[in-house]
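The values are calculated or read from the model by the stated rules, or taken from the named source; none is laboratory data. Remember, predicted model here, so these are calculated numbers, not experimental data. Positions of Cβ are generated from backbone atoms using ideal geometry, with glycine treated the same way; all protein chains shown enter the neighbour counts. Note: areas computed on protein heavy atoms with side chains; ligands, DNA, RNA excluded. Shrake-Rupley method; radii C 1.70, N 1.55, O 1.52, S 1.80 Å.
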Amino acid sequence: MADVGVVTEQPGPVHSGPEAAEVTRLRRRRVVGIVVLAAAILVAAAVSLAVGARGLSLAEVWHGLFADTGNDPAANEITLIVQTVRVPRTVLAIVAGIALGVAGALIQGHTRNPIADTGLLGINAGASFAVVLAIFLFGFQNPVQYVWFAFLGAAAAGTVVFGLSSLGRGAGNPLTLVLAGQGIAIFLAAMTTAVALADKASLDALRQWNAGSVAGVGWGVIWIAALFVVVGLILTLVNLPSINLLNLGDDVARALGANIALSRTIGMLAITLLAGAATAACGPITFLGLMVAHLARYRTGPDFRWLVPYAGLLGAVILLVCDVIGRLVARPDELQAGIVVALIGAPFFAALVWLGRFKRT
Amino acid sequence: MIDDLERDTTADVPPGLRVGRLSLVWRPWGVLVSVLLLAATFLLFCLSIGLGDFQIGLPQVISTIFGQGDRLDTFVIMDLRMPRALVGLITGFALGIAGALTQSIARNPLASPDVLGITWGASAVAVFLVTVTGGAASTITNTIGLPAAALIGGLGTGLLVYFLAWRRGIDGFRLILIGVSVSAVMEAITTWLLVTADIRDVARAQVWLVGSLEERSWHEVWIALWCTVALVTVVLAVAFHLKPMHFGDDVASGLGIRLALVRAILLLCAVLLAGVAVSAAGPIPFVALIAPQVAMRLLRSPTPPLLAAGVLGALLLLGADLVARTVLPISLPVGIVTAMIGGPFLVYLLVRANLRRDA
């Protein structure tokens, strides 16, 4: 593992001397990182508002966002593009990026497995299948209706893969967890195909959905997703301190007073809410959580109180950038953000494997 | 570490069987189970041929297979039903052996060629040829045909995974993770092809996302048969070196096994067998995962047994196809039935592996 900056802050009073100076320096370094990431989100969001089939200057974007439209038809068109197309997808990219980033860091913390990712462990596939099933069975058109099924599916798949693997003493072979996740994903994909073969209408909805896009999603869905992401983030905040303890091993954590069952349950709930909300709104996006968790760890070290916020912000930046790349590379078509993330994330993952960053047992 | 291969097998030493330089351990139980499995497979094969819109009794099927049937039976059986059943038989056999090899090399009971990139590579190429019409795509389809192109796609991806995972030798851990990542890239490409394609082509392409035995011809039977026979011959010739590898790399090289070479040959054979299966029947999930594990339990063998895994794969695929054709209310591709069996089985393996580790 990359143990960059392994110095973790000790709870309780910090003694004076060189250690105190070191801790202060580390904290400053981390705060600066957060500020830089927040700024990066703003820049990426601005680019996301400006770039597209119809390129806009930043002045036009500003005008479209805030100015009174008046009767000028050209200005009206820009306002329409900015407010109904660009703003929703930018907001959704930020919300979903934060959700998947935080979920990725959380799931790595709870499984103590550096290969964990909500996509690789089949959680996104669970949400996907539930959504397709809901569309098929109840004829839902509006994501507001099927968002609940996404949670249900995410929770079910997550419980199977993550819950069953942490049976017994938990913390099993990282490879087995990934293989289990892949198996569940293959199973769910086959079931999804069965639905699609039975009903051609679902097939059309399904293929769009499967690509994982932040575009063309209405405000109603974004608000609901954002609401659940906020609840998930609050649970995450509650959960954060105990993840550090859990990573010392269950025995040590118990001895230090952590309630392991409670902490794992809260963590699982948070992961389900975050991954479920993001998947319900955008469709399955794999590798984002894994990528940001590793990038964030590079800067923060293994302290989850810092790693998780970093991962969230980084997730938003990367999803925004991937969405913009998708608009640029396949003109006049678009490459869905989920596809761009996979095309970037998979080689990243392979590079980590090749560099030997994953422990075997 | 969960490892079904490291089970304690300190039973009293069974008697040996020696023919010239070859020596085998005589395991009556294993032989008995294998014979029963073979008989069951033959029975299911005949049953699968007999059942359908035009029912043919089991005795007639058997006599027709051996050239004693009347003209109608011969037409229905030899021209219509036999290719489908044979493709199922051969593909299942190939998948079972490929799975046993992969699990032995990765030393993990959950490993299967499904994650080595072959499946998604073949799917990506097939979906590309189905959805993109005109230009180079039609030329390829017209000259070598869709199954051959899918085979090349699957094998190309499998080899890519192999070379990317090579770093002073191959190990199972790196191989699988690289396979997962290359599969993800192929899946992303497939998804994009599906999004941009015409909806009618998408429906046709679905068959290449889940395996099916429908509308197979003798042409496919012969290709699959010869490829499988050739590959299995190579596997059996090298397989004697497989057993010591279960004791770990150090012990195996201490016993004089040329690890890198043996592993490379067997893995290549696994990839090729899985590729042959995909090109013949599309990506049929889980057969390669289940067959070796069930065979291991039935034979009470400490390691995935090769031939029994193959026979069990054939049995499983024929059975699944029979269920898909006759029991289910709507006609579904066989791949969906194997997935329905495979999902719960995977959960079972997972639970069991965890509980054992705890014990």
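Could you check how many residues of segment B:306-359 are within 17 Å of residue B:51 (Cβ to Cβ), out of contact with any Leu (no Cβ under 8 Å at 6 or more places or on another chain) and at pLDDT 85 or above? Total satisfying the criteria: 2. Here residue A:228 passes the criteria (1) under 27 Å from residue A:113 (Cα atoms); (2) more than 14 Å from chain B (Cβ to nearest Cβ); (3) aromatic (Phe, Trp, Tyr); (4) more than 16 Å from the chain's Cα centre (by Cα) except the one numbered (4).
Please work out if residue B:289 is at pLDDT 85 or above, within 14 Å of another protein chain (Cβ to nearest Cβ), within 29 Å of residue B:146 (Cβ to Cβ) and open to solvent by less than 10 Å² (accessible area, probe 1.4 Å).
Considered against the rule, which asks whether it is at pLDDT 85 or above, within 14 Å of another protein chain (Cβ to nearest Cβ), within 29 Å of residue B:146 (Cβ to Cβ) and open to solvent by less than 10 Å² (accessible area, probe 1.4 Å), residue B:289 comes out as yes.
Considering A:141, A:83, the condition of being more than 14 Å from chain B (Cβ to nearest Cβ), out of contact with any Leu (no Cβ under 6 Å at 6 or more places or on another chain) and assigned to a loop (DSSP other than H, G, I, E, B) is satisfied by A:141 alone. Of these, A:91, A:102, A:132, which one is among the β-branched types (Val, Ile, Thr), crowded, with 22+ Cβ neighbours inside 10 Å and either out of contact with any Pro (no Cβ under 9 Å at 6 or more places or on another chain) or at pLDDT below 80 (or both)? Matching residue, one of A:91, A:102, A:132: A:132. For residue B:91, the stated conditions hold: it is under 20 Å from residue B:41 (Cα atoms), more than 14 Å from chain A (Cβ to nearest Cβ) and of a type in the set (Ser, Thr, Tyr).
I'm trying to understand the selection: among the residues of segment A:306-361, which are within 18 Å of residue B:190 (Cβ to Cβ), without any contact (Cβ under 8 Å) to a residue 60 or more places away in the chain and not in a helix (DSSP H, G or I)? Of everything in segment A:306-361, those that are within 18 Å of residue B:190 (Cβ to Cβ), without any contact (Cβ under 8 Å) to a residue 60 or more places away in the chain and not in a helix (DSSP H, G or I) turn out to be A:330, A:333, A:335. Among the residues making up segment B:326-347, a single one is within 7 Å of chain A (Cβ to nearest Cβ), free of Cβ contacts under 8 Å to residues at least 12 places away in the same chain and in a helix (DSSP H, G or I): B:347.
Given the criterion of a type outside the set (A, V, I, L, M, F, W, C) and within 14 Å of chain A (Cβ to nearest Cβ), identify the matching residue among B:258, B:200. If you could, list the steps in order and put the result at the bottom.
Working: B:258 fails: within 14 Å of chain A (Cβ to nearest Cβ).
So the residue among B:258, B:200 that is of a type outside the set (A, V, I, L, M, F, W, C) and within 14 Å of chain A (Cβ to nearest Cβ) is B:200.
Can you tell me which residue is surrounded by the fewest Cβ atoms within 10 Å (Cβ to Cβ) among those in segment A:331-352 that are facing another protein chain (nearest Cβ under 8 Å) and farther than 16 Å from residue A:289 by Cα? The selected residue is A:333.
Of the residues making up segment B:204-226, none is within 9 Å of chain A (Cβ to nearest Cβ) and more than 30 Å from residue A:337 (Cα to Cα).
Sub-9 Å Cβ pairs linking a first residue in segment A:149-170 that is more than 15 Å from residue A:109 (Cα to Cα) and modelled with pLDDT under 80 to a second residue that is polar (S, T, N, Q) and open to solvent by less than 20 Å² (accessible area, probe 1.4 Å), at least 6 apart or interchain, are A:159/A:272; A:164/B:354; A:167/B:354; A:168/B:354; A:169/B:354, ordered by first then second residue. Among the criteria (1) touching a Gly at 6+ places or on another chain (Cβ under 9 Å); (2) closer than 25 Å to residue A:189 by Cβ, the one residue B:323 does not fulfil is (1).
Within segment A:188-207, being open to solvent by 40 Å² or more (accessible area, probe 1.4 Å), touching a residue at least 24 places away in the same chain (Cβ under 8 Å) and facing chain B (nearest Cβ under 7 Å) holds for one residue alone: A:198.
Look at residue B:127 and say whether it is over 16 Å from the mean Cα position of the chain (by Cα) and open to solvent by 10 Å² or more (accessible area, probe 1.4 Å). Judged against the criteria, residue B:127 is not a match. In the condition set (1) open to solvent by less than 50 Å² (accessible area, probe 1.4 Å); (2) more than 25 Å from residue A:242 (Cα to Cα); (3) not small (Gly, Ala, Ser), residue A:328 is compliant with all but (1).
Residues that are crowded, with 24+ Cβ neighbours inside 10 Å, more than 14 Å from chain A (Cβ to nearest Cβ) and β-branched (Val, Ile, Thr) within segment B:262-286 comprise B:271, B:276, listed in sequence order. In the set B:148, B:165, B:122, only one residue is more than 18 Å from residue B:223 (Cβ to Cβ) and out of contact with any strand residue (DSSP E or B) (no Cβ under 6 Å at 6 or more places or on another chain); that residue is B:165.
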